[in-house]
Amino acid sequence: MKKTIAILLVLVIGMVGVFAATAPADVSLFVKTSVYAINEMKITAAATPTSWTTNAQAAEIRASSSVYDSALSANSVNTSSTSAQIVGYLQTRTNNRLGVEVKVQASKLKYNITTTQDVEGIPTEVTTTVDSIDYTVTGGANPYNTASNTTAVSYMTIAAGTGLRLGDVKTVQVTLESNVANKTAGNYVGDITFNYTVN
């Protein structure tokens, strides 16, 4: 009986040595993070680099303006000259891999009057355009003329790339048509709209 036990102990000790030499299989830990899209555009009163909103939310395009130096959603710029007048500066940034394009479109300057008319017994405000003034927006890749252009034109782009990139600061200039002095006296207003498209 003692002889048998001794043999078994030798076998067990030998087998433990064999198993100890085998390393465990590799294990992996999966790590994931997301970088939010940053797509921002500002119209500023000065050409100096602007401060940007931090921690932009996912897939959000932000637009703001400081031309009028207030919290107003619409900005007013007065001009009466027929030479090119700077009305603001367009600043952009993105971290989109494929880049972005900004297009510009503008409406004629219009002198409107609003009157109250009786429409089937109901007082109704009616706006009538008395006169209009055409102008050209320049400073970007292509000019936009309210007399000849009907669709938006490319104003600037940020090329495809990696990381957070700033676009070149673009001057926004307005040149009124030459016969402004021949127009009807009054206040004329219009809009310049910049459309930011992620490629």
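Here, each number is a calculation from the coordinates, and none is a lab measurement. Computed from a predicted structure; not experimentally measured. Reconstructed Cβ throughout: ideal geometry from the backbone, glycine too, with neighbour counts over all protein chains shown.
Below is a table of values for the structure above.
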read-out: Scan of the stretch 111-135 for residues that are touching a residue at least 40 places away in the same chain (Cβ under 8 Å) and hydroxyl-bearing (Ser, Thr, Tyr), ordered by number; value: 111, 132, 135
read-out: Number of the condition not met by residue 107 [criteria: (1) over 26 Å from residue 51 (Cβ atoms); (2) without any contact (Cβ under 8 Å) to a residue 40 or more places away in the chain]; value: (2)
read-out: Flag for residue 171 being within 30 Å of residue 38 (Cβ to Cβ) and either free of Cβ contacts under 8 Å to residues at least 40 places away in the same chain or of a type outside the set (Lys, Arg) (or both); value: yes
read-out: Qualifying residue in the stretch 183-195 (condition: of a type in the set (D, E, K, R), touching an Asp or Glu at 6+ places or on another chain (Cβ under 6 Å), in contact (Cβ under 8 Å) with a residue 24 or more places away in the chain and at negative phi); value: yes
read-out: Selection within the stretch 124-172 - within 30 Å of residue 114 (Cα to Cα) and among the aliphatic types (A, V, I, L, M); value: 126, 130, 133, 137, 147, 152
